[in-house]
1. Straight-line reach only, C-alpha to C-alpha below 19 angstrom: list the lysines that Lys48 could link to, leaving out same-chain residues fewer than 8 apart.
2. Please state, rounded to one decimal and in Å, the Kirkwood hydrodynamic radius that the chain gives when every pair of distinct Cα atoms enters the mean of 1/r.
3. What's the percent breakdown of Cα-Cα distances in region 111-187 across 10 Å bins, shortest bin first?
4. Find the relative contact order for the chain and round it to a whole percent, using C-alpha pairs within less than 8 Å whose residues are 6+ positions apart.
5. Which whole-Hz ³J(HN,Hα) couplings does region 58-70 yield from phi under the Karplus relation 6.51 cos²θ - 1.76 cosθ + 1.60, θ = phi - 60°, glycine and proline marked x?
6. Most mobile of Lys264, Lys44, Lys253 per a Gaussian network model of the chain (Cα springs, under 10 Å)?
7. Give the lysines reachable from Lys256 as a straight Cα distance under 27 Å; neighbours fewer than 8 places away on the same chain don't count.
8. To the nearest 20 debye, what charge dipole does region 12-55 have about its Cα centre, counting +1 at the Cβ of each Lys and Arg and -1 at the Cβ of each Asp and Glu?
Amino acid sequence: MESKLKEKGYEQSQIDLIMNLDEDNQQKFLDEYDQSLLKYLSEKDFMKDKLDEYQKYDGLLETKKLIELVNNDVINETNSIKLKKLYESEYFIPKNEKLYLEYIDKYEDVDKMREIVNTRRYLDLYSDIVDTDLSKGVRMLINKYYRLPADYEPDDLVAVDPALGRGYLRKEVYEAYQPLYEEAVKQGFNLKVVSAYRPYKMQDDLYNGYLKKDPQEVVDTYSARPGHSEHQSGLCMDVSEPGYSLDNFYQTKASKWLAENCHKYGFIIRYPEDKTDITGYQGEPWQLRYVGKETAEDVYRRAITYDEYYACFVE
Ligand SMILES: [Zn+2]
């Protein structure tokens, strides 16, 4: 056997590794395996009886990871391409790996699965709620899983000039909004802030008012439960134009302009129409959330929800 392997072109160190295998596998190194399989032999978690599978998926993933997935019977013919896509994704979060593997076979679309795991959407809404990390400042996350304390109130609220609308915003947000507003005016739009900061109690009243006319699962698609509204942070505002309500604001040219330009001023459209399954809210083309210019531009460029962006790059 040794001499046959030598004839085949293997070096002595390689032959030593091959000779540790049973005869069946030794023969395969003569007949069907190629040099690329040798790298598995020197890995610490290498299992002799898994060689065929290592060969089958060789090159798909980094060697150590492939060995781990093969050894644990995770990888198979139907999920191998999805696994490759998952491990190569820039939105892969290592601490979520176990969950990804738990859900990989349950979803046809691996990107959707990853998005769901990253945003905790595999959980029921409003379950496993955590207090949001206030130290993240203007980049804090507020959604159905991250809440603000009931007594949270920003300490730098300023009044919106009546010419621009009504309400209060955090100073930094209002200052960022002014150049956006001025550019909107130049474009011929007449934006008005119709709702800005809302204290916890106000959100509580609002939400409970809605509960009187709609079932809770419906209310939850358009109104945040108290503590879970971005409005309590003073970082967001609803805008519209005179003659339009929030509900038909999407018909305005201003709404399209905002969607394409607000990131230049540090804002994002927090609830896009095509991401309702992730955000849990109906599309809200009117809600601008301030996150700072650099972050807003990055979120816009990536076209992912802020919920997922936060999990990947802020948390
Ligand atoms: Zn709003």
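Every number in this text was worked out from the coordinates using simple rules, so none of it is lab data. What you see is a predicted model, and the numbers here were worked out from it, not measured in a lab. Quick reminder, even Gly has a Cβ in these numbers, built from the backbone with ideal geometry, and neighbours come from all protein chains shown.
1. Answer for Lys48, where 19 Å is the Cα cut-off: Lys28, Lys39, Lys56, Lys64, Lys65, listed by chain and number.
2. Details: mean 1/r = 0.0435 Å⁻¹.
Hydrodynamic radius (Kirkwood, Cα pairs) of the chain is 23.0 Å.
3. 15, 32, 26, 23, 3
4. Once divided by the residue count of the chain, the mean separation gives 13 percent.
5. 3, x, 6, 9, 4, 3, 4, 5, 4, 4, 4, 5, 5
6. Lys44
7. Partners within reach: Lys112, Lys144, Lys171, Lys186, Lys192, Lys264, Lys275, Lys293.
8. 220
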